[in-house]
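One structure below.
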Amino acid sequence: IVDTQAPLVSGATPAEGDFVSDLAPVASFDITDAGSGVAYDSTEICITVTGTPVRCFDLGDAGISRTGSRYSVDFAGLGYTLSGGTTVQICVNAADMPDICAPNELDTCWSFFIPAGGPMVITNTPLNGTYSACADQNILIRVHDAAGDEIDTTSIRLEVAGTVYTIGDPELSF
């Protein structure tokens with residue numbers, strides 16, 4: 001069997017070009033290889049945030065985790081403090097594991113954006129990606145305006161399982 005293809009990244013969230021309002025996002029993606037498999041232990045994830053030098057991480061770093069082929073990059077866990085107007089670039093370097101000859105290498109990048117201006121919402125509970133079976137799950141979010149402008153509470157809308165709640169609903173308090 002001849003393996004001439006590098007591993008592939010798929011299922012990236014946030015995806016290329018996405019606008020994300022979360023100031024502490026958790027990015028995730030899959031790395032797969034149809035041939036000789038992925039050398040997961042040698043995968044490197046490099047992050048560039050507007051105005052800061054590139055920083056590279058691997059599975060040994062807090063904030064980077066993997067379950068099967070799915071990687072998670074927790075920006076708060078990596079010590080990033082993001083703000084509106086930021087561009088975030090994620091680059092992934094990975095290789096496959098052929099028995100003979102040099103591995104095929106993956107080197108790919110994508111970017112997402114945190115829009116400037118207006119209020120930003122940070123979910124504190126439940127954490128991003130958490131599954132809850134509680135019918136009365138408490139949701140705690142922080143609404144923050146980087147410019148220091150007052151939040152118009154009448155504009156707050158929270159949609160949960162298809163139901164929209166406003167500040168006038170007893171289920172939502174500010």
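The values are calculated or read from the model by the stated rules, or taken from the named source; none is laboratory data. The structure displayed is predicted, hence computed values, not measured ones. When we count neighbours, we look across all protein chains shown, and the Cβ atoms used for this are built from the backbone with ideal geometry, even at glycine. The accessibility values were calculated without ligands, DNA or RNA, using every heavy atom of the protein model including side chains. Shrake-Rupley method; radii C 1.70, N 1.55, O 1.52, S 1.80 Å.
Quick one: in the range 29-82, of everything that is open to solvent by 50 Å² or more (accessible area, probe 1.4 Å), hydrophobic (A, V, I, L, M, F, W, C) and part of a loop (DSSP other than H, G, I, E, B), which residue is nearest to residue 94 (Cα to Cα)?
Ranking the candidates gives 59 first.
Suppose we filter 27, 95 for residues that are under 26 Å from residue 116 (Cα atoms) and among the aliphatic types (A, V, I, L, M); which single one remains? First the steps, then the outcome.
Working: 95 fails: under 26 Å from residue 116 (Cα atoms).
Just a single option satisfies the conditions, and that option is 27.
Hey, can you tell me all the residues within the range 89-121 that are hydrophobic (A, V, I, L, M, F, W, C), more than 22 Å from residue 51 (Cα to Cα) and surrounded by 13 or more Cβ atoms within 10 Å (Cβ to Cβ)?
In the first step, residues of the range 89-121 are kept if they are hydrophobic (A, V, I, L, M, F, W, C); the result is 90-92, 94-95, 97, 100-102, 106, 109-110, 112-114, 116, 120-121.
Okay, now just the ones that are also more than 22 Å from residue 51 (Cα to Cα), so 94-95, 97, 100-102, 106, 121.
Of everything in the range 89-121, those that are hydrophobic (A, V, I, L, M, F, W, C), more than 22 Å from residue 51 (Cα to Cα) and surrounded by 13 or more Cβ atoms within 10 Å (Cβ to Cβ) turn out to be 94, 95, 97, 106, 121.
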